[in-house]
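Have a look at the structure below, then the notes.
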Protein chains: 4
Amino acid sequence: MTRPVLMGTCLLIAAPAFAQAQNDPSRDPAKTEVWKPVPAAVATPSGASPSDAVVLFGGKDLSAWEGEQGGKAPWTVADGAFTVVPGSKGIRTKQRFCDIQLHVEWRTPTETKGFDGQHRGNSGIFLQEVYELQVLDSYNNPTYSNGQAASIYKQSIPLVNASRAPGEWQVYDVIWKAPRFSDGGGLVSPARITVLHNGVLVQNDTVLSGKTEYIGAPSYSPHGCAPIYLQDHDSKVSYRNIWVREL
Amino acid sequence: MTRPVLMGTCLLIAAPAFAQAQNDPSRDPAKTEVWKPVPAAVATPSGASPSDAVVLFGGKDLSAWEGEQGGKAPWTVADGAFTVVPGSKGIRTKQRFCDIQLHVEWRTPTETKGFDGQHRGNSGIFLQEVYELQVLDSYNNPTYSNGQAASIYKQSIPLVNASRAPGEWQVYDVIWKAPRFSDGGGLVSPARITVLHNGVLVQNDTVLSGKTEYIGAPSYSPHGCAPIYLQDHDSKVSYRNIWVREL
Amino acid sequence: MTRPVLMGTCLLIAAPAFAQAQNDPSRDPAKTEVWKPVPAAVATPSGASPSDAVVLFGGKDLSAWEGEQGGKAPWTVADGAFTVVPGSKGIRTKQRFCDIQLHVEWRTPTETKGFDGQHRGNSGIFLQEVYELQVLDSYNNPTYSNGQAASIYKQSIPLVNASRAPGEWQVYDVIWKAPRFSDGGGLVSPARITVLHNGVLVQNDTVLSGKTEYIGAPSYSPHGCAPIYLQDHDSKVSYRNIWVREL
Amino acid sequence: MTRPVLMGTCLLIAAPAFAQAQNDPSRDPAKTEVWKPVPAAVATPSGASPSDAVVLFGGKDLSAWEGEQGGKAPWTVADGAFTVVPGSKGIRTKQRFCDIQLHVEWRTPTETKGFDGQHRGNSGIFLQEVYELQVLDSYNNPTYSNGQAASIYKQSIPLVNASRAPGEWQVYDVIWKAPRFSDGGGLVSPARITVLHNGVLVQNDTVLSGKTEYIGAPSYSPHGCAPIYLQDHDSKVSYRNIWVREL
């Protein structure tokens, strides 16, 4: 049983109540106020990136990115967005990231005729280069559930299908917790991801079972912070307004 | 050491590679496609609530709410928003919720003269009636950090101060995981909360240590699903566009 | 800020204190007593298995086991223990298990001459048939750390090396939490293991990154409850006093 | 969809298999061997404390302990054990601990006549001074379930009642993870405990909801490492063979 000394101060309270509240330090609301640290102020203008974000694409150029095999990012920029050049291979950020909040806007081609399933508006956002959050036109476009838009590709089906029609801009807001590895290379804690798709929760603190695999089961290999990679999957998917905040 | 039988099929692969890929079932990408369940489609029109949301306030009336002590919700509705009537006490949803995604927009009064710290634009959003996400004008308005806007009141300081100026609309996007209790009333898992404030992550899977307390330390008591409660704290705080999705 | 109604009953307490303690129901210690459920009584005689355990080997026969490829378990029983017959292949329990507490005693051969590293006293305990807790003579016998006794083979190095000399009986006390998979086959939560080796904590709620692999990285494939498997790795390792409790 | 470059090396494997295994570096089992760090060797003689343990009572004296209010520990030592002196108040370790493995043996009085429920063989082991693992004679001695032996007092009922008869020595093996607090004093992660009672799992990674309270709900207050405290609850409970390993 708990020791008498822990029984609590309330037992000892004497009248009158009001005086008591003033005299009894345990009843002082100021005791549970914490004044430090003071969180940094961040400006959050509507429709713009937060003032403390690393802007990866603000509408003008791909200077924050490079080609998958080095060199200049080979995709095209126009009208405040950039677009995959099919066959040019993927692009990745020059900067490496671990735990982040990521905001990405993307749009799949309006023209869908002749393109079905995985062939319609396919791209992908790879966190730390190897964990894919699927980008796909999943608006009235059946495919395997763990490969549709907002899936963790071949690992986690989204909670709902929040897709907008092809040609419309869509939004991912992502909270990414990088996996941790021990000095010996063992997995200490798996990667976790939370995703809002067009404002709707589609991945809720989902555990990843390893890096994305097209064939076979995912597995982990130790790694550090790494770039964000965008996939060229032969579709003219566009992106705009990409920013990231390191956590 | 692992048993030989587990050594993997790749070891046994014979040439030619291309034929192999077609013949070896373990190399078939279709094996890791999952087609069911098919996530429900949710419409996500820009600026409106998702089609599967419970709309708690769409701009017209407080029919989804009741007064803190029962009866009609005593706050005023105008111009697509509703506003606290100081002294009328708080309001709560008629419906009870457990795990939810919650979207709330709120605005503190433009006039701040004579109101400082906790007296400026104070209200609060209580999940399951007892866990408070603070609403306050924290734009150039110092107070204790664990009591500023986007704090879990007297429990968790927000990661940054993403506050907009008084008179501007602000947004909370919340992911709430209710606490779990055993049959015996013990805590099985604490409540957890993730909050985006104006799109910026301010609470990242924060663990709550119990129900909100003004005086003394928070603690848990077993409970079930419960209403969302909005606080009257003597400030004319306004709310609009409130919706919730059960998880 | 928290609502006044939550400020707590203590503020209202009136004198005298002693009467108060008796009259104020919130100060009644009986309110936090929970009388049900009443935990089942389990006899725990010193040196014997608990009365609610499934005894997998009590000293007499291998009737709870079968050969790796079906049929009678091909290992030998003598003096209250059983011993691997090298070349006969492994054995597994007829019963399938998910979350368990497992007690196993094991002994590696006294004669070590000519056997080094992974060739000295090697066997293994596979939870759910595919997750290996290594059995090895790791007493003054260097090998790779993630392959020594009490490692999660090729995944997690033990916290310390608690090995006893060859020929001495050693003990593993294991708490195993099976991985969970979604209907779609995704990983919901990874397997976790806690191990005491000769009473010393060597794995502390370790996360597994998948099934044990001799070559390549571990990965998960969905599965249900499964047997415990003991490995024949060409060493005459002995076992005794094996019991399991389903959690 | 995953990038082609991730499709895996196995697709490219050529015959013959055996040569392949030798030539393909991805098929080399040595690639997943981790040789460092090398875990420290710990001697684990049967019936004695591990060589790396802090021995808090080895059978001779209470030099590792002090009285609850400072000064010499007022309990008696005899026959390799020490015994509560009712009325003398509790004792605590001079050393402070955070995360630990703890081994404790305890015995309640053989004479039970006239002592029932919480009055029979009551003591308690407080981790970090405020989180109680109950010690009680719970052998055919009904009381509230969350107050019986091996309960986390008034928080968590043990999974089973593994109690031995009064007068017999009993064992607790405990894995304790201290709670973490932020700089601001918020709870980052709650305390967790695993307990084996006489070798049987009775608390399985149980979450604590705060410090132990006799009256009212438990809550957290920030603190650092702290002593282990043993309670004087008016019963002549004995202890022996107490050791702790810092994790």
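The values are calculated or read from the model by the stated rules, or taken from the named source; none is laboratory data. Not measured: the values here are computed from a predicted model. No Cβ is skipped: glycine too gets one built from the backbone with ideal geometry, and neighbour counts run over all protein chains shown.
Restricting the first member to region D:114-139 and to residues that are at negative phi, and the second to residues that are part of a strand (DSSP E or B) and aromatic (Phe, Trp, Tyr), the beta-carbon pairs closer than 6 Å and six or more apart or on different chains are D:126/D:229; D:127/D:176; D:132/D:126; D:135/D:106. When the residues of region C:143-171 are filtered to those that are surrounded by fewer than 24 Cβ atoms within 10 Å (Cβ to Cβ) and hydroxyl-bearing (Ser, Thr, Tyr), the one that is farthest from residue C:204 (Cα to Cα) is C:143. Cβ-Cβ distance below 7 Å, separation of 6 or more or different chains: which pairs start in region D:165-189 with a residue that is more than 30 Å from residue A:38 (Cβ to Cβ) and assigned by TED's automatic domain parsing to the domain that holds residue D:108 and end on one that is among the acidic types (Asp, Glu) and surrounded by 20 or more Cβ atoms within 10 Å (Cβ to Cβ)? Going by the 7 Å Cβ cut-off, the qualifying pairs are D:166/D:137. Quick check, is residue A:80 in the same structural domain as residue A:241 (by TED's automatic domain parsing), of a type in the set (Gly, Ala, Ser) and surrounded by fewer than 22 Cβ atoms within 10 Å (Cβ to Cβ)? Yes; evaluated as a whole, the condition is true for this residue.
The number of residues in region A:209-247 that are hydrophobic (A, V, I, L, M, F, W, C), closer than 28 Å to residue A:55 by Cα and either at pLDDT below 95 or surrounded by fewer than 22 Cβ atoms within 10 Å (Cβ to Cβ) (or both) comes to 4. Taking region B:31-56 as the range and being aliphatic (A, V, I, L, M), modelled with pLDDT of 95 or more and surrounded by fewer than 18 Cβ atoms within 10 Å (Cβ to Cβ) as the test, the residues that pass are B:38, B:40, B:41, B:43, B:54, B:55.
A count restricted to region C:139-150 and to residues that are within 9 Å of chain D (Cβ to nearest Cβ) and assigned to a loop (DSSP other than H, G, I, E, B) stands at 7. Does residue A:117 meet the test of being modelled with pLDDT of 95 or more and either assigned by TED's automatic domain parsing to the domain that holds residue A:138 or under 23 Å from the mean Cα position of the chain (by Cα) (or both)? Spelling it out, residue A:117 is indeed modelled with pLDDT of 95 or more and either assigned by TED's automatic domain parsing to the domain that holds residue A:138 or under 23 Å from the mean Cα position of the chain (by Cα) (or both). Please verify whether residue A:101 is out of contact with any His (no Cβ under 7 Å at 6 or more places or on another chain) and in a strand (DSSP E or B), treating the condition exactly as stated. So residue A:101 fits the description; yes. Whether a residue is closer than 17 Å to residue A:104 by Cβ and at pLDDT below 95 was assessed, and residue A:59 does not pass this test. At least 1 residues being over 20 Å from the mean Cα position of the chain (by Cα) and within 12 Å of chain D (Cβ to nearest Cβ) is the threshold, and among the strands (runs of 3 or more DSSP E) wholly inside region B:159-232 those reaching it are B:187-189.
Inside region C:49-80, residues that are outside any strand (DSSP E or B) and within 14 Å of chain D (Cβ to nearest Cβ) make up a count of 5. Looking across region C:29-64, the residues that are touching a residue at least 40 places away in the same chain (Cβ under 8 Å) and within 29 Å of residue C:86 (Cα to Cα) come down to C:49, C:54, C:55, C:56, C:57, C:58, C:59.
Of the listed requirements (1) touching a helix residue (DSSP H, G or I) at 6+ places or on another chain (Cβ under 9 Å); (2) surrounded by fewer than 21 Cβ atoms within 10 Å (Cβ to Cβ), residue C:90 misses just one: (2). Scanning region D:109-138 for residues that are in a loop (DSSP other than H, G, I, E, B) and at the interface with chain C (Cβ under 10 Å from one of its Cβ atoms) returns a single hit, D:138. Here region C:81-98 is the region considered, the condition is being of a type in the set (D, E, K, R) and outside any strand (DSSP E or B), and the residue that is farthest from the chain's Cα centre (by Cα) is C:89.
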